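Every number here is computed from the coordinates shown, using simple stated rules; none is lab data. Bear in mind that the values here come from a model prediction, so they are computed numbers and not experimental data. In this analysis, Cβ positions are derived from the backbone assuming ideal geometry, glycine residues included, and neighbour counts consider all displayed protein chains.
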């Protein structure tokens, strides 16, 4: 009886991990963009900390960002480094997915407001995450497009 339960749990954990791998493959950025991610990494980490501390952002966004920072701080990865293509890219992929969700919820202006780096670095961040000007909510003085 206990053996069946243990095998069932092991199969469920393995299936969940395989689904995570498939999701990471689907959302991964292009290879050239991963190099840009490494270049802007220090600014990106400061951005995450600033966004997580901004009490004007929705609580769900701040919780997501805090969980992301905890994930980045733990010494082991969900995807071991020996797995081709994803081993070293899983952190960048997860950061990309979280930032996309932050922009959908809080808007691109929040990222721009807290970005500590150069405009070129911000442009690289937008390319990495697939964020475009269309993701920006209209400013108060802009008329909505008809």
- Query: In nm, to one decimal, how far is the residue 59 label point from the residue 13 one, both placed 7 Å along Cα→Cβ?
  - Reply: 3.2 nm
- Item | Full-stretch length increase - residue 123, residue 82 - with 0.36 nm per residue and alpha-carbon distance subtracted | 11.7 nm
- Gain in length, residue 39 to residue 66, computed as 0.36 nm per residue apart minus the alpha-carbon separation, to one decimal in nm? 7.5 nm
